Amino acid sequence: MTERATTASTHLPPAAEIEQELEETAFKLSEWMSQQGIFIFTAALILFATLFIDGFASLPNITDVFNRAAPIGIVAAGMTFVVISGNYLDLSVVAQVATAGVVLIAVSNAAGLPLAILVAIAIALVYGLVNGVAVGIFKANAVIVTLSTTFIGLGMLRWLTGGSIYFGPGDGPIRLFGSTRIGPLPLAMIVFIGVTLLLSFVLTRTNFGFMVRSYGSNREATRLAGVNSGLVVIGAFTMSALGAMLGGFVLAAFSNTAVSAMSEGYDFRALAAIIVGGTSVFGGRGSVLRTLLGVVFVSVLTNIMVLSGWGFGLQQMAIGLLIVVAVSVDALARKATAA
Amino acid sequence: MTETSTPPAQQVGSSQHADGAVARLRTILGRRTEGRAVALLGVVLVATLILEPVVFTSYEVTLGRVALIGLVALGLTAVILMGELDLAVASTLAVSGVIMASFDSLLVGIPVALATGLVIGMVNAFFVIVVGINSFIATLGMLFFLRGAAFVISDEAPVRIADIDAGIAFGRPVLGPLTPRMLIFVVAFVALHIFLTRVRVGREFYAVGGNREAAYDAGIPVARRVFTGFMISGFVAALAGVINALERTAADPTAGSSVLLASFAAAIIGGVLLNGGRGSVFGTLLGASSLGILQVALTLSGVQVDVQNIVIGGVLLIAVITDPNSLRAAAGSFRALVRSRSGPQPPG
């Protein structure tokens, strides 16, 4: 690319030079977009929704957006570790969120809240360990591994619950958590912001976070520097699992019900939020705070689609397209940096 | 690469000379790629013969299942051989079925559906080659997009095909016990086998997967080969979608999610290395046979779909962590753990 650029400026006719310049501008633009574009896009989307979508800028709707954004956001914040570690994503959050929600309601109905939380934490650690060992120690592909653990986990959950819906008691801590609001902010949203700040601290200020980022940008160098790469990957998947667990708690508390199908679409919504936020799917670059912004974007977009009467199919198409476009912008930006 | 590998039983038999046996076992494991599929097929065959022999008396069902999983897995094999992955196959299957069913005439619907598969393959390859996105992510985005598209086109409900008689006729045996679906699978299998072992373009798939840089330097048009691979996989997935819709006389927008898992498991346990460059169509056939028989056996013994998903998911997980590269990586990690005080290890 560099070679081409030099020849272009010295030998090529003006038309080709302009073309070259345009190409370079496009590359710069795509790089800028993948880094800073999300601020503009989110602001523009919210402005658009406020002006043109009936019912968007009302307190009940905004509370609803927050309520739906919080669980996805917590899941995405945890999954950001997996993406930054260069392991694409954790598809099994779909199974993990539903499992945590069902465990929270069903086990606390039967044996009390503390035991429910302990069981859920144990399950999350198992998920983190299985995914992490397969990907980190056996170096198996993360997409395939988490695809299989999704089917195993969801299969177990549906088999054990028979697909039945669990209702929490009308009063009690879960219901209280799900219904408490401070102004337009549900408690869930405050938990989401707290989790984001905490995970952001872990990613940027701790040794573990540094190793995750380092492993994502250069595996071989990280390994040669004496870092136990297996443990880093296990840690990243455990963060994702704990995030998914907390997301499941929040989701179940919101409606005070839980069912094995309640987390449908969490995999690609969380991934879309992470990538749109500007965390690179190629690993090494990104932040949890950016994921927060991506979650706002995806949630507002989903809300606009719902208010406009789009069905699940169209929503899925739109989010799928969003993922492909966002990754394309990132890929083109990387080409620009490399050139 | 294409000959049958030695069954594990014989490898165990030669264990008197421990060192020699280990070395030979290593050579065999290193050279052959179908060993795990042979082992799984053996286990599944023996277990079904004892527990559920009806699988073999109602072989039409079993062969039909093997053909469906095998067809999708064949397309995947072409892509995985080059070190890429096509996660979109499941949605391609659903979309092409729905598209075919939404036309009034099958004569129009089938070609359009198959063309859709080719176009999807081209789009996938475009993102991978031109834009430069990792194929796992590009085809994952396409998977979500196309799954949504199948829902939108079908209005979120199964679509009946226009010519139900043709669908019923399609499910009847035409040659001995073989239905058209199995014949198509056999033809596809033979065609792809010849393509990958005897045709130059197909042989170059192995080169692209083995070492892309070297393949490029040797003058192989890498980008075109990857495009061909994704188009094969898209076309074959669309073909599977058409066949599936014809046999059920209706296209289901949710079709394909269990096929996705089983066909991946078939290709990977069949020895197709996810990093590319190694594997054979024959191994995929063995993998598809074992998974097809397993699924039918579970269904016929009244095992719920959820439990079947656990089993197939487990097979896929085991398949992906027992491929030679993974085992080597795990052994390396273990050694590094043991000798972690002796300083950094040389790469390798």
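Tell me, please, whether a residue that is of a type in the set (A, V, I, L, M, F, W, C), touching a residue at least 60 places away in the same chain (Cβ under 8 Å) and within 18 Å of A:Ala188 (Cα to Cα) can be found in region A:83-91.
no
Pairing residues of region A:135-152 that are more than 7 Å from every other protein chain (Cβ to nearest Cβ) with residues that are surrounded by fewer than 24 Cβ atoms within 10 Å (Cβ to Cβ), at Cβ distances under 6 Å and at least 6 apart in sequence or on separate chains, gives A:Gly136/A:Gly230; A:Gly136/A:Ile234; A:Ala142/A:Tyr88.
Filtered by the rule that a residue be closer than 16 Å to A:Arg269 by Cα and either more than 7 Å from chain B (Cβ to nearest Cβ) or surrounded by fewer than 21 Cβ atoms within 10 Å (Cβ to Cβ) (or both), region A:318-339 gives A:Ala318, A:Leu321, A:Leu322, A:Val325, A:Ala326.
Among the residues of region B:193-228, count how many are among the charged types (D, E, K, R) and either surrounded by 13 or more Cβ atoms within 10 Å (Cβ to Cβ) or touching a strand residue (DSSP E or B) at 6+ places or on another chain (Cβ under 6 Å) (or both).
So in region B:193-228, the residues among the charged types (D, E, K, R) come out as B:198, B:200, B:203-204, B:212-213, B:217, B:224-225.
Checking which are either surrounded by 13 or more Cβ atoms within 10 Å (Cβ to Cβ) or touching a strand residue (DSSP E or B) at 6+ places or on another chain (Cβ under 6 Å) (or both) leaves us with B:203-204, B:212, B:224-225.
Of the residues in region B:193-228, 5 are among the charged types (D, E, K, R) and either surrounded by 13 or more Cβ atoms within 10 Å (Cβ to Cβ) or touching a strand residue (DSSP E or B) at 6+ places or on another chain (Cβ under 6 Å) (or both).
Summed over region B:292-331, the residues that are over 20 Å from the mean Cα position of the chain (by Cα), in a loop (DSSP other than H, G, I, E, B) and either more than 7 Å from chain A (Cβ to nearest Cβ) or of a type in the set (Asp, Glu) (or both) give a count of 3. Filtering B:Gly121, B:Gly141, B:Gly132, B:Gly167 for residues that are touching a residue at least 40 places away in the same chain (Cβ under 8 Å), surrounded by 17 or more Cβ atoms within 10 Å (Cβ to Cβ) and under 30 Å from A:Ala333 (Cα atoms) leaves a single hit, B:Gly121.
Residues in region B:16-29 that are surrounded by 11 or more Cβ atoms within 10 Å (Cβ to Cβ) and either at pLDDT below 70 or in contact with a Pro (Cβ under 6 Å, 6 or more places away or on another chain) (or both) were compared, and the one that is nearest to B:Phe264 (Cα to Cα) is B:Leu29.
Put simply, of B:Ile69, B:Ile50 the only residue that is loosely packed, with under 11 Cβ neighbours inside 10 Å, closer than 28 Å to B:Val303 by Cα and at pLDDT 80 or above is B:Ile50. Within region A:235-281, restricting attention to residues that are β-branched (Val, Ile, Thr) and within 11 Å of another protein chain (Cβ to nearest Cβ), the residue that is farthest from A:Val145 (Cα to Cα) is A:Ile275.
Take region B:109-143 and flag every residue that is part of a helix (DSSP H, G or I), within 13 Å of chain A (Cβ to nearest Cβ) and over 21 Å from the mean Cα position of the chain (by Cα).
If the condition is that a residue be part of a helix (DSSP H, G or I), within 13 Å of chain A (Cβ to nearest Cβ) and over 21 Å from the mean Cα position of the chain (by Cα), then B:Phe126, B:Phe127, B:Ile129, B:Val130, B:Val131 are the ones that fit.
Condition check for A:Asp171 on (1) more than 10 Å from chain B (Cβ to nearest Cβ); (2) part of a helix (DSSP H, G or I); (3) of a type outside the set (Val, Ile, Thr): one failure, at (2).
With respect to the stated conditions, A:Tyr88 fails to be within 14 Å of chain B (Cβ to nearest Cβ) and either farther than 20 Å from B:Ser135 by Cα or in a helix (DSSP H, G or I) (or both).
The set of residues in region A:181-222 being over 30 Å from A:Ser255 (Cβ atoms), surrounded by 14 or more Cβ atoms within 10 Å (Cβ to Cβ) and touching a Lys or Arg at 6+ places or on another chain (Cβ under 9 Å) consists of A:Leu203, A:Arg213, A:Tyr215, A:Gly216, A:Ser217.
The one condition from (1) among the basic types (Lys, Arg); (2) in a helix (DSSP H, G or I); (3) within 26 Å of A:Phe208 (Cβ to Cβ) that A:Arg158 does not meet is (3).
Scanning region B:144-160 for residues that are more than 7 Å from chain A (Cβ to nearest Cβ) and buried (at least 24 other Cβ atoms within 10 Å of the Cβ) returns B:Leu146, B:Ala150. State whether the residues of region B:246-259 include one that is part of a helix (DSSP H, G or I), within 14 Å of chain A (Cβ to nearest Cβ) and of a type outside the set (S, T, N, Q). Looking through region B:246-259, at least one residue is part of a helix (DSSP H, G or I), within 14 Å of chain A (Cβ to nearest Cβ) and of a type outside the set (S, T, N, Q).
Within region A:306-317, the set of residues being in contact (Cβ under 8 Å) with a residue 12 or more places away in the chain, out of contact with any Phe, Trp or Tyr (no Cβ under 7 Å at 6 or more places or on another chain) and away from chain B (no Cβ under 11 Å) comprises just one member, A:Ser308.
The values are calculated or read from the model by the stated rules, or taken from the named source; none is laboratory data. As the structure is a computational prediction, the values presented were derived from the model and not from experiment. Cβ sites come from the backbone with ideal geometry, for glycine too, and all protein chains shown count toward neighbours.
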